[in-house]
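J.: Please see the structure below; I have some questions.
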Amino acid sequence: MTAERDKQAAVERQQIRTFHITGRGLEEFRPAAPLRLAGEEFAPPSSECGYPLWAAKGRKPVPLWDLFEGIEHRAQIVAAIAGVLEAKPWLVGAEASKRLLLPVEECSEEELLEARARMAGDAIVAGFDSRVLPALYASILSASRASAREKFAERMKAARDSLSELMAADDAHAPEASGPAPVAAALGGQAAVYLDAELLARTLRAPVEGARRMSPARRARIERAIATLEDALQSTAAGPAFRLFHPPELPANGIERWGGWSEPSLEPFHDGMMFCQRQLEWFVAPLRALRLARLEAVSAYDASIHDEALRRLDWQSASEEELAALAPVVIVETTEGLAKASLTGFSRALRSGMPLQLLITRSGFGLGELGEAGIEPGYLAMVHRECFVVQGTMARPAELPAMLEAMANSLRPAVAVVATPEPDTDPIEAWEELSLLDRAHAAPSYRYDPERGETWAERFEILPGPGEPEAEETAPVTAAHAAALSRRMLDHFRVLPPSAFSEDQVELDKYLAEYRDRPPLGVPFLWVLNPDGERQRAICTRELAALCRDRLRSWRAARALASPPATQPQAAAAAPDAEQARAEGARQALLRLVASLTGQEAAAAAAAIPSAVPAPAAAPAAPAPSAPAAAVPAPGAAGAPPAEEAVAPYIESYMCTSCNDCRKINPRLFGYDANQQAYIADPAAGTFAELVKAAEGCPAKCIHPGTPAPSDKTVTADLLARAAKFG
């Protein structure tokens with residue numbers, strides 16, 4: 001009898017292991033509904049204070065819970081509206097307000113009136129649904145860019161009016177402007193009876209005929225600029241606040257409410273890029289007209305200088321305020337769509353340098369089938385180095401608006417990857433699953449911003465989860481815990497009765513801790529509760545366990561990017577020879593490359609590349625010999641101006657065409673004033689070499705490097721000779 005029981009147990013253990021490896025068998029133990037996890041630490045947060053979201057025109061989305069702050073029974077009011085949202089992704093604000101006309105348990109009429117008053121205005125009430133994301137982003141984008149759009153329109157109007165005034169003043173100097181007919185018309189009917197209009201016209205004509213008129217070329221130039229600005233104003237007023245390109249199967253309903261246009265496309269990346277390129281090319285004309293108007297207003301336009309400067313000006317010369325006024329181009333896609341067809345277009349959009357906005361949604365695990373290699377759009381975007389990237393989740397409604405606003409304000413290629421609930425799933429189940437996925441770091445929330453610095457540690461930051469300490473590396477929650485709450489993932493679990501427990505079954509966290517190059521021999525399981533509250537083991541497939549390991553490794557890699565290990569002084573001191581050898585090896589490789597590309601001998605190339613190996617501290621290296629042309633003149637020596645004759649660098653700002661070339665060299669040295677014209681912002685922030693380089697490249701020739709500071713190590717006799725050309 002004992003032998004028979006041992007044989008039966010052996011068969012059961014073999015079946016359990018077969019299921020773990022292949023995902024087949026033990027169908028009688030397959031769960032019929034999402035599992036109930038054992039342990040309070042796995043309980044998802046309540047969605048009551050997060051959703052629905054209230055998104056009004058010109059305002060950032062806020063939880064409806066916050067909108068009703070101070071109303072005693074707001075929980076009942078929010079629950080009533082959330083109940084209506086179970087059948088649709090959102091309600092228009094007016095419709096949601098009408099719903100409150102219905103009796104709400106425990107709420108007084110005064111409370112309902114107050115709630116309706118707070119919901120007044122053009123808005124939507126958005127539920128926890130992936131379909132609301134484009135509409136939410138549209139509200140944020142509209143609010144973020146509206147001010148820049150209005151200010152740019154005012155600038156164009158002011159420039160148009162100033163040019164029109166110049167034309168009117170010139171017309172007033174024309175001889176025919178002081179003839180009898182215009183004078184009589186100006187006098188009016190009664191005055192013409194008592195005054196001789198012809199005699200008065202002859203009297204007024206003398207000084208007018210001596211006035212200097214505009215040249216035909218200048219009049220034509222100003223007329224073209226006026227027409228350009230007028231056309232730009234009309235196009236801006238009639239055009240959308242933004243354009244959103246998306247696949248036809250991924251509708252972007254609701255964005256029209258915030259002035260946007262929806263563009264269904266079979267190739268959203270291609271079509272979005274083409275439209276953005278055409279828009280940027282169109283934008284160059286009003287930019288040139290604005291700069292021309294500024295110069296003409298002070299009669300500083302010199303055709304020999306500024307015609308060529310304006311021809312060179314393109315959209316990359318626009319200031320941040322000007323670029324922010326353009327209607328943003330938004331491209332929406334899913335991670336599944338990227339994996340199937342759009343990765344090339346995704347990369348091209350990021351490499352273009354154009355201010356494109358890419359909104360990528362990842363539903364559920366975002367990895368397709370578990371056996372397939374999933375893609376990480378955020379990491380792929382960061383490989384392009386100069387793109388803004390942010391990743392987050394709809395499970396963090398308090399942080400989602402700020403995350404999307406950061407992308408809306410970016411003027412470089414920008415990507416937002418947002419974890420969303422699976423379509424057509426129960427809102428409560430979807431919330432619990434996505435919340436646990438967030439806590440499991442299956443898709444960590446982070447931000448990569450090239451504007452913040454030069455190093456990865458400066459650019460990249462992990463955003464800690466709700467109530468999560470920033471230094472925490474791991475969490476007890478894994479992707480398998482989230483999968484246990486998903487109806488789509490139930491095939492990866494089998495719930496065992498106590499009689500099937502065995503010693504080769506291992507809790508999942510211990511299994512993952514032992515997972516190195518090869519998976520452990522044990523069968524991982526989660527503790528779950530049956531309807532009676534009794535603990536049971538839910539074993540999972542090796543495929544799901546491998547996903548948990550992959551997500552954990554991805555999380556640790558992300559943490560390492562944000563917080564690289566500090567260099568230990570002891571370790572650096574222990575192997576200085578090795579560090580020097582690596583540095584010298586890199587230098588020698590660079591020498592060979594320079595020699596091969598330039599045709600020089602290696603020795604000649606070496607003279608231009610300083611040694612990467614530092615000299616020992618006890619024996620300072622002697623200064624390397626240099627050519628006479630590279631010698632740094634001492635103050636007062638031949639070729640260097642005396643110290644008492646030092647001249648500070650300056651720019652003739654009124655001549656500046658705002659081409660932005662100098663700011664590309666050093667944006668801290670050169671700044672823009674209120675008229676978008678260059679000036680020396682901080683002389684100490686740059687070098688004499690940068691000043692000379694900017695002066696040589698300036699199309700208006702309005703930069704004067706002055707004399708160098710005595711401590712500036714970039715100064716050479718050759719550089720001083722080049723600077724002398726600019727006074």
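The values are calculated or read from the model by the stated rules, or taken from the named source; none is laboratory data. Predicted model only: the values in this text are computed from it and were never measured. Counting neighbours? That spans all protein chains shown, and the Cβs are built from the backbone with ideal geometry, glycine included.
J.: Any idea which of (1) closer than 15 Å to PHE269 by Cβ; (2) touching a helix residue (DSSP H, G or I) at 6+ places or on another chain (Cβ under 7 Å); (3) at pLDDT 85 or above is the one ARG351 doesn't satisfy?
T.: Against the list (1) closer than 15 Å to PHE269 by Cβ; (2) touching a helix residue (DSSP H, G or I) at 6+ places or on another chain (Cβ under 7 Å); (3) at pLDDT 85 or above, ARG351 comes up short only on (2).
J.: Oh, and also: Answer yes if at least one residue in the range 158-174 is in contact with a Lys or Arg (Cβ under 8 Å, 6 or more places away or on another chain), modelled with pLDDT under 85, assigned to a loop (DSSP other than H, G, I, E, B) and surrounded by 15 or more Cβ atoms within 10 Å (Cβ to Cβ), and no otherwise.
T.: Checked the range 158-174: at least one residue is in contact with a Lys or Arg (Cβ under 8 Å, 6 or more places away or on another chain), modelled with pLDDT under 85, assigned to a loop (DSSP other than H, G, I, E, B) and surrounded by 15 or more Cβ atoms within 10 Å (Cβ to Cβ).
J.: Working only within the range 193-242, note down all residues that are of a type in the set (Lys, Arg) and modelled with pLDDT of 90 or more.
T.: The answer is ARG218, ARG219, ARG221, ARG224.
J.: Somewhere in the range 284-296, is a residue modelled with pLDDT under 95, assigned to a loop (DSSP other than H, G, I, E, B) and crowded, with 17+ Cβ neighbours inside 10 Å?
T.: Checking the range 284-296: not a single residue is modelled with pLDDT under 95, assigned to a loop (DSSP other than H, G, I, E, B) and crowded, with 17+ Cβ neighbours inside 10 Å.
J.: For the range 120-157, what are the residues that are at pLDDT below 90 and of a type in the set (Lys, Arg)?
T.: Matches in the range 120-157: ARG131 only.
J.: The conditions are (1) within 25 Å of GLU454 (Cβ to Cβ); (2) at pLDDT below 90; (3) part of a helix (DSSP H, G or I), and GLU336 fails exactly one of them. Which is it?
T.: Failing condition for GLU336: (1).
J.: So if I check each of PRO623, PRO614, PRO641, PRO635, which one is within 44 Å of the chain's Cα centre (by Cα) and either at pLDDT below 50 or on the phi < 0 side of the Ramachandran plot (or both)?
T.: Residue meeting the stated conditions: PRO614.
J.: Sticking with this structure for a sec: Considering every residue within the range 526-535, establish whether at least one is exposed (fewer than 15 other Cβ atoms within 10 Å of the Cβ) and over 18 Å from ARG36 (Cβ atoms).
T.: No.
J.: Could you tell me whether any residue of the range 297-311 is in a helix (DSSP H, G or I), free of Cβ contacts under 8 Å to residues at least 40 places away in the same chain, over 15 Å from ALA232 (Cβ atoms) and not polar (S, T, N, Q)?
T.: yes
J.: Here's something else I'd like to know. Are there any helices (runs of 4 or more DSSP H) wholly within the range 401-496 with 1 or more residues that are at pLDDT 85 or above and closer than 28 Å to GLY345 by Cβ, and if so which?
T.: 427-439, 456-459
J.: Then there's this: Hey, PHE688 hits all of (1) within 30 Å of ALA159 (Cα to Cα); (2) at pLDDT 90 or above but one; which does it fall short on?
T.: Status for PHE688: all satisfied but (1).
J.: Of the residues that sit in the range 397-416 and are over 14 Å from LEU136 (Cα atoms) and of a type outside the set (Gly, Ala, Ser), which one is surrounded by the most Cβ atoms within 10 Å (Cβ to Cβ)?
T.: VAL415
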